[in-house]
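K.L.:
Sharing a structure, written as structure tokens. Questions coming.
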Amino acid sequence: MCGIVGYIGKKNASDFLLEALKKLEYRGYDSAGIAICDTKINVIKKAGRINVLKKAISDAKDFCGNSGIGHTRWATHGKPSDINAHPHVGRSGKIAIVHNGIIENYIVLKKSLIKKNIKFISETDSEIIAAMIDYLYEDDIFSAVIKTVCSLEGSFALGILCSDFPDKIIAVKKESPIIIGIGDNENYIASDIYAFADRTKHIYRLDECEIAVLGASEVNFYNFQGKKIEKNMAEIDWEIGSSEKDGFEHFMLKEIMEQPEAIKKTLLLRCVKNDIVINELNKSYLESLNKICIVACGSSYHVGMAARYAFEKIVRIATNVELASEFRYRSPIIDKNTLVIIISQSGETADSLAALRESKRRGAKTLAIVNVVGSSIASEANFVVYTWAGIEVAVATTKAYSAQLSVMYALSLYISKVLNRISKEKFEVYFQDLISLPNLIEEVLKSKDQVFKIAQKYSQADNVFFIGRGVDYAVCMEGSLKFKEVSYIHSEAYAAGELKHGTISLVENGTIVIALATDPRLFEKTISNIREVRARGALCIAITTKENFNAISSVADDILCVPKIHSIMMPSLTVIPLQLFAYYVALLHKRDIDKPRNLAKSVTVE
Ligand code: AGP
């Protein structure tokens, strides 16, 4: 979603700002802009890609200054356009702001400013912030900022410039992340660490309702009451990973191929000497549990759907899987005996963060499974287990999904062992399966050319159904989401047994059905469902284990095989051909694969 960057130093700010905005492109955006401060504020903002902005800046004369703020906008209030793009400037021309988040009371505030003859030119909620600071500003910019932020409701991370103080930039945080980077006689702000990670490892994270005032060689922090506060500088001591394509045509393909490595790194600290180490959760705490709730959005929710089978089978604690956007507004029955597991690649998803807060409010303990160190969800959860997938740039997640799954398997094994719910022998079998995942995935990835040929054969489909039973159904949900995200072709995931309760009416000559049939207990039943759709003219691509090849060949038009592993870990293997299929169909349709239309990598608003 929207991205913020800012610079104060001795160099021309726009060079860093353009470079940093480019790094935040992966978050998803539809317009971008930069404000530079010299003796006055200059703004250039454009609908479209950063390259359009870059061209406008290189065509402009005298677009230079040593302080500046930049923004990539993902439209919420008002269409993508030059006018709605950030930065927004107050009517005096002295104040410019960039904003991430949503101002919930902007209509009330806007009406009161309109009564004071202040004019608005954009459709955004964000313009109110520039207008209000500008209205309140006489000679003390800090006090105008404080008064403004105290009257805003909603979520906001802000970058602020004032032309009367060209040697300062201001950053504000409430419910939307913003990070300060400390350089050598230059400092940075960004909503996302990747924006400046190649320039400094020294950072400050703003906490709730905090303000930072940055000069080139100093930063001061304040709360919303204007009181100075002390903060500790942190050092980034983890590997961020390469955000280059390294010869791949798209990040999505690169990240699909990186999955064995992502799982290896994630399990490295957790699988030690034939045992699982998750010391964050101790025995006496685990003994108090009578319920587990897995709460997440999108693909992370699908990880929960797949992991539930492991939790139910080997942990034997009642396990619910919930969409964060629904969970947060229900009255979930959770208490101190419930462990709420929040899964999130970005660690910033607004609904997941709100669900975490609601869980804590109701007395439950929260465990975050997160890929971004120090993100909001990681910071606020009671316990954190990181996935070490490295930076994931493609909007459609692949390696983070796989790393999350591996953590969830490890977690289920760990809890079942600590609670003595699993025999030594069974633990050993599952453990060996878990640590063999990277090699097995490597083997599945070798089928990529075969998947490409199948994608060529079926790429003209209008509708695709993904069907399966049990854990295969959970993978179908992810396969279908991946497919529609990047190919823009309609698809649906269905529990195979549910088809004849309505959906089968959509199956006709030429409908594409991708059937997953890996669970030996349910194999014959899924075969019957494949026969039912084939009898109505559907074409079927089956995904199964090598052992089942012959049994399925009479009912499927094409078959993709994966190695055999215990059913509960099968999603880690079957998801691979589905990711590749989605990628190749999107490639054949020449889609914007890494940044699909309308989507954002990190969904920081509701
Ligand atoms: C999946 O490809 C999407 N990018 C999306 O569904 C994503 O999984 C969802 O928005 C949740 O994001 P999170 O894991 O960062 O919380």
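K.L.:
Out of (1) in contact with a Ser or Thr (Cβ under 8 Å, 6 or more places away or on another chain); (2) assigned to a loop (DSSP other than H, G, I, E, B), the odd one out for ILE121 is which?
P.N.:
(1)
K.L.:
On to the next question. Taking GLY159, is it in the same structural domain as ILE69 (by TED's automatic domain parsing), at pLDDT 95 or above, surrounded by fewer than 20 Cβ atoms within 10 Å (Cβ to Cβ) and under 30 Å from ASP594 (Cβ atoms)?
P.N.:
Against the criterion (in the same structural domain as ILE69 (by TED's automatic domain parsing), at pLDDT 95 or above, surrounded by fewer than 20 Cβ atoms within 10 Å (Cβ to Cβ) and under 30 Å from ASP594 (Cβ atoms)), GLY159 does not qualify.
K.L.:
Scan TYR188, TYR204 and give me the residue that is part of a strand (DSSP E or B), under 15 Å from VAL373 (Cβ atoms) and either in contact (Cβ under 8 Å) with a residue 24 or more places away in the chain or in the same structural domain as ASP140 (by TED's automatic domain parsing) (or both).
P.N.:
Every option except TYR204 fails the conditions.
K.L.:
Taking ILE114 and the conditions (1) free of Cβ contacts under 8 Å to residues at least 12 places away in the same chain; (2) touching a strand residue (DSSP E or B) at 6+ places or on another chain (Cβ under 6 Å), which numbered condition does it fall short on, given that it satisfies the others?
P.N.:
All conditions are met except number (2).
K.L.:
From the list SER122, SER112, SER92, SER126, which one is of a type in the set (Gly, Ala, Ser), in the same structural domain as CYS150 (by TED's automatic domain parsing) and closer than 23 Å to TYR26 by Cα?
P.N.:
Selected residue: SER126, the only one of SER122, SER112, SER92, SER126 that is of a type in the set (Gly, Ala, Ser), in the same structural domain as CYS150 (by TED's automatic domain parsing) and closer than 23 Å to TYR26 by Cα.
K.L.:
Among the residues in the stretch 291-302, are any part of a loop (DSSP other than H, G, I, E, B), over 22 Å from THR398 (Cα atoms) and more than 16 Å from the ligand (Cβ to nearest atom)?
P.N.:
No, every residue in the stretch 291-302 fails to be part of a loop (DSSP other than H, G, I, E, B), over 22 Å from THR398 (Cα atoms) and more than 16 Å from the ligand (Cβ to nearest atom).
K.L.:
Scan the stretch 263-318 for residues that are basic (Lys, Arg) and surrounded by 14 or more Cβ atoms within 10 Å (Cβ to Cβ) and jot them down.
P.N.:
The answer is LYS264, LYS265, ARG270, LYS291, ARG308, LYS313.
K.L.:
Being within 14 Å of the ligand (Cβ to nearest atom), at pLDDT 95 or above and in contact with a helix residue (DSSP H, G or I) (Cβ under 8 Å, 6 or more places away or on another chain) is true for just one of ALA410, ALA381. Which residue is that?
P.N.:
ALA381
K.L.:
Among the residues that make up the stretch 127-135, is at least one of them over 23 Å from GLY90 (Cβ atoms) and either surrounded by fewer than 21 Cβ atoms within 10 Å (Cβ to Cβ) or among the acidic types (Asp, Glu) (or both)?
P.N.:
There is no residue in the stretch 127-135 that is over 23 Å from GLY90 (Cβ atoms) and either surrounded by fewer than 21 Cβ atoms within 10 Å (Cβ to Cβ) or among the acidic types (Asp, Glu) (or both).
K.L.:
Please specify each residue of the stretch 52-85 satisfying the condition of being out of contact with any helix residue (DSSP H, G or I) (no Cβ under 9 Å at 6 or more places or on another chain) and assigned to a helix (DSSP H, G or I).
P.N.:
Scanning the stretch 52-85 gives VAL52, LYS55, ALA56, SER58, ASP59.
K.L.:
To continue, here is another question. Within the stretch 413-528, considering only strands (runs of 3 or more DSSP E) that don't extend past its boundaries, which have at least 1 residues that are among the charged types (D, E, K, R)?
P.N.:
490-495
K.L.:
On the basis of being more than 20 Å from VAL145 (Cβ to Cβ), in contact (Cβ under 8 Å) with a residue 60 or more places away in the chain and in contact with a Phe, Trp or Tyr (Cβ under 6 Å, 6 or more places away or on another chain), does LYS23 make the cut?
P.N.:
So LYS23 fits the description; yes.
K.L.:
Still on this structure: Scan the stretch 112-157 for residues that are within 25 Å of GLU210 (Cα to Cα) and among the basic types (Lys, Arg) and jot them down.
P.N.:
Listed by number, the list holds a single entry, LYS147.
K.L.:
If you don't mind, there's one more thing I want to ask. With respect to LYS10, is the statement that it is in a strand (DSSP E or B) and over 15 Å from ILE160 (Cα atoms) true?
P.N.:
Spelling it out, it is not the case that LYS10 is in a strand (DSSP E or B) and over 15 Å from ILE160 (Cα atoms).
K.L.:
Can you tell me which residue is surrounded by the most Cβ atoms within 10 Å (Cβ to Cβ) among those in the stretch 324-363 that are among the basic types (Lys, Arg) and either within 16 Å of the ligand (Cβ to nearest atom) or more than 22 Å from ARG205 (Cβ to Cβ) (or both)?
P.N.:
ARG328
K.L.:
Further, regarding this structure: Would you pick out the residues in the stretch 547-585 that are of a type in the set (Gly, Ala, Ser) and touching a Pro at 6+ places or on another chain (Cβ under 8 Å)?
P.N.:
SER567
K.L.:
May I ask you to verify whether THR366 is touching a Lys or Arg at 6+ places or on another chain (Cβ under 7 Å), among the polar types (S, T, N, Q), away from the ligand (no atom under 15 Å from the Cβ) and in the same structural domain as LYS424 (by TED's automatic domain parsing)?
P.N.:
Criteria not met by THR366.
K.L.:
Among the residues of the stretch 20-43, which ones are assigned to a loop (DSSP other than H, G, I, E, B) and under 14 Å from PHE63 (Cβ atoms)?
P.N.:
Within the stretch 20-43, ASP38, THR39, LYS40 meet the criteria.
K.L.:
Does any residue of the stretch 405-413 turn out to be crowded, with 24+ Cβ neighbours inside 10 Å and closer than 28 Å to ILE178 by Cα?
P.N.:
yes
K.L.:
Go through the stretch 243-273 and give me each residue that's in contact with a Lys or Arg (Cβ under 8 Å, 6 or more places away or on another chain) and among the basic types (Lys, Arg).
P.N.:
Across the stretch 243-273, the qualifying residues are LYS245, LYS254.
K.L.:
Output the qualifying pairs, or none if there are none: Cβ atoms under 9 angstrom, residues six or more apart or on different chains, first residue in the stretch 336-361 and closer than 22 Å to ALA389 by Cβ, second residue basic (Lys, Arg) and within 8 Å of the ligand (Cβ to nearest atom).
P.N.:
That search, which allows pairs on different chains as well, returns GLN345/LYS601; SER346/LYS601.
K.L.:
Let me ask something additional. Among (1) crowded, with 24+ Cβ neighbours inside 10 Å; (2) more than 16 Å from the ligand (Cβ to nearest atom); (3) of a type outside the set (Val, Ile, Thr), which single condition is TYR583 missing?
P.N.:
Exception for TYR583: condition (2).
K.L.:
Report, by residue number, each residue of the stretch 317-336 that is farther than 30 Å from ILE422 by Cα and touching a helix residue (DSSP H, G or I) at 6+ places or on another chain (Cβ under 7 Å).
P.N.:
Once the filter is applied, which keeps residues that are farther than 30 Å from ILE422 by Cα and touching a helix residue (DSSP H, G or I) at 6+ places or on another chain (Cβ under 7 Å), the stretch 317-336 yields ALA324, SER325, PHE327, ARG328.
K.L.:
Same structure again: Conditions: (1) within 14 Å of the ligand (Cβ to nearest atom); (2) in contact with a strand residue (DSSP E or B) (Cβ under 6 Å, 6 or more places away or on another chain). VAL486 meets all but one. Number of the miss?
P.N.:
Here VAL486 meets the rest and fails (2).
The values are calculated or read from the model by the stated rules, or taken from the named source; none is laboratory data. Quick caveat, the model's predicted, so the values are computed rather than measured. Here Cβ is always computed from backbone atoms with ideal geometry, including for glycine, and neighbour counts include all displayed protein chains.
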